[in-house]
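Readers should treat all values here as calculations from the given coordinates under stated rules, not as data from a laboratory. Small disclaimer: the values here were computed from a predicted structure and weren't measured. Here Cβ is always computed from backbone atoms with ideal geometry, including for glycine, and neighbour counts include all displayed protein chains.
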Amino acid sequence: MPMFRWLVSRGAKNLILMPRSGPPTDAAKTLWEELALGGVCVEVPACGVTDADSLKAVLDEYAASMPRISGCFQSTMILRDAVFQNMSYEDWKTCLDPKVRGSWNLHTLLPNKGMDFFVFLSSISGIIGLGGQANYAAGNTYMDALARYCISQGEKGSSLDLGAITDKGLLAENEVLSNRVLAGGNLLPVSSKELFAILDFHCNPEVVLTARNCQTLIGIETLANVKAKRLEQANWVTTPSFRHMHQIDSTAGASVADTEEAVDFRKMFAEASSLSEAGAVVSLALLKKLTRTLSTLQVDEVDMRKSLHTYGVDSLLAVELRSWFAREFSADIPIFEISGASSFSSVGISVARKSRYYQATWIE
């Protein structure tokens, strides 16, 4: 809703808002009324952009009573998070359709060549990938590609790969989710003020958009800052797409000497003299990992005999931990073993036993 106020502050006098079932909340209705009192014409037809016939009917209706459409924000989204191997086709399609079918319908039915802007509100998930969101990431990469296609056709098209906007919207209303998203330190909080600054650029009709500047990504921390803060580097940072980030200097204002000394768990694991000792190393490393991922988890509050599930490890986080075990200890651990009834201690032993670095001389 802050975006509507931003639009009005930039001179918008006619708005067509298309939630799938009309104004969803009392707060939204109050905003429409507030804008109307300020002389803004607000129309809120119930229309799903995935239905081309319905969308065309709405656009035709308002073409006769409102000025020509000069800009569009495509911000529809439906989340159906699940581990890919467990994701149903219905969940895949339900999440994908608003971003794929909906975006294409808007592209084909709007007077694009006469508009000042056509902005796809995409997500950083399509760039870095997020556990349990393969469907969401796919929809966002489609938006990125469609923006470039629009440019190639001489039309307006911008895709904004947004990170964690923390002062408005979903994350502002869910502190636990916000803390979890930002806990690893590889993503930065993004403010609505920063978003609006980006929109000022992409919605400016005098800006010449090209394939090089039609896509903006915001919300990623530099690798140098991650290292300076002694944080764990995300997997996606090692991909070729992010090789340039290794050249960016730190602005964190913290040196290695100013931060907590890192523990070399791999070295401790290699130097273990028994399976139980190696398992204890893994358990401790896992505990440190989770306290960074789950902001509500404190080291001194954890009972290593209890299951990971007890402390908030669900199937989506289990996917991340499985990759982490493979990277740190070269061990392939089933997701159900991580998210089920297994304790920190038992998972530690399992990882040690299945590790490529398992030593036959270890005393069991």
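Tabulated results
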quantity	calculated
At least 24 Å along the helix axis (C-alpha) and Kyte average at least 0.5, DSSP helices within the chain	275-293
Note, ³J(HN,Hα) from phi for the range 215-221, Karplus 6.51, -1.76, 1.60, rounded to Hz, x at Gly and Pro	10, 10, 10, 9, x, 9, 7
Mean separation of Cα contacts under 8 Å (6+ apart) over length of the range 1-132, as relative contact order %	24
Distant-in-sequence amide H partners of Ile218 (H built 1.01 Å from N, under 5 Å)	Asp161, Gly163
Value of D in µm² per second that Stokes-Einstein yields for the range 38-79, Kirkwood Rh from Cα pairs, at 10 °C (1.306 mPa s)	132
Two-decimal Rg to Rh for the chain - Kirkwood Rh, Cα set	1.04
Computed [θ] at 222 nm, deg cm²/dmol, the chain (DSSP H ≥ 4; -39,500 (n - 2.57); rounded to nearest 500)	-13500 deg cm²/dmol
Rounded to the nearest 20 debye, dipole of the range 47-220 from Cβ charges on Lys, Arg, Asp, Glu	320
Other-chain or far-sequence residues with amide H under 5 Å of Leu187's (modelled H)	Glu221
Within the range 282-324: backbone nitrogen closer than 18 Å to the Ser276 label point (7 Å, Cα to C-beta)	282-284, 304-306
Normalised contact order of the chain, rounded percent, pairs of Cα under 8 Å and 6 or more residues apart	12
Restraint check, Lys29/Lys99; Lys193/Lys289; Lys168/Lys288; Lys99/Lys168; Lys29/Lys93; Lys13/Lys93, Cα-Cα greater than 27 Å	Lys193/Lys289; Lys168/Lys288; Lys29/Lys93; Lys13/Lys93
Packing-based ranking, highest mean first, of 332-344, 37-49, 124-136 given that Cβ atoms within 10 Å are counted	124-136, 332-344, 37-49
Listed peptides 101-109, 236-244 by packing density, highest first (mean Cβ within 10 Å)	101-109, 236-244
Globularity index of the range 47-220, i.e. its alpha-carbon radius of gyration over 2.2 N^0.38 Å	1.06
The range 309-330 and the range 93-167: distance between their alpha carbon centers, rounded to Å	30
HN-Hα J in Hz across the range 185-191 - Karplus 6.51, -1.76, 1.60, θ = phi - 60°, x for Gly and Pro	x, 8, 10, 9, x, 10, 8
